1. Which value results when the Cα radius of gyration for segment 96-167 is divided by 2.2 N^0.38 Å?
2. If you consider only alpha-carbon coordinates, what radius of gyration and Dmax does segment 141-196 have, in Å?
3. Based on a Kirkwood Rh over C-alpha pairs, give the Stokes-Einstein translational diffusion coefficient of segment 62-121 at 4 °C and viscosity 1.567 mPa s in µm²/s.
4. May I ask you to sort 112, 92 by Cβ crowding, counting other Cβ atoms within 10 Å and putting the fewest first?
5. Would you please report the Å³ per residue occupied by the convex hull of the alpha carbon atoms in segment 41-216?
6. Please rank 205, 100, fewest neighbouring Cβ atoms within 10 Å first, as an exposure proxy.
7. Within a 10 angstrom radius of the beta carbon, how do 54, 177 rank from fewest other beta carbons to most?
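Nothing in this text is a laboratory measurement; each read-out follows from the coordinates by a stated rule. Predicted model, so just to flag it, every value in this text is computed and none were measured. Cβ sites come from the backbone with ideal geometry, for glycine too, and all protein chains shown count toward neighbours.
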């Protein structure tokens, strides 16, 4: 693992950054950053197709067991949620977007009806979950949306039980910092066994993913 701390890049979808002062930036926010309205629904459909392989790969990496509690942060249209709820009977999805919660709810309706999954409004920095209440946290393609990465990793460490696992994945081109810096930040938040790598999804619709796994001791 490389822990060399290089210069951080800007968050491409954060409010207040230069890209968001443009029409293109606002379209990206409404379609993908904090999906809303028609653009959000279109963005959700695109994410469901383009991110599907990475979502399922992240769930496979986390390998949740039937009785483990899984928290999926920013599940978007719910592809990863469905994959997690087929493995675990206790899956929680938190997302700040009403559009994404609705899309995920429709996609995962049978799993919700069976009691294997619940959805709630929330963010990675404020999940609303109790201390040491989950066994696995999975986050795909939303690290670039976190206004405060150290604080968010501290929140995810808080909700994990000792021995709990964290799996993060995001498009490498949107990663707000280098993987070494992200790993060092996770260590400062209290995580151990931190590993980083890149992964190429088996589809042209998805770009190379930067990924991290860690354990709360």
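1. 1.17
2. Rg, Dmax (Cα atoms, Å): 10.8, 32.
3. My calculation gives 119 µm²/s for D.
4. Ordered by Cβ neighbours within 10 Å, fewest first: 112, 92.
5. Considering the Cα atoms of segment 41-216, their hull volume per residue is 98 Å³.
6. Least crowded to most crowded, the residues run 205, 100.
7. Arranged by neighbour count, lowest to highest, 54, 177 become 177, 54.
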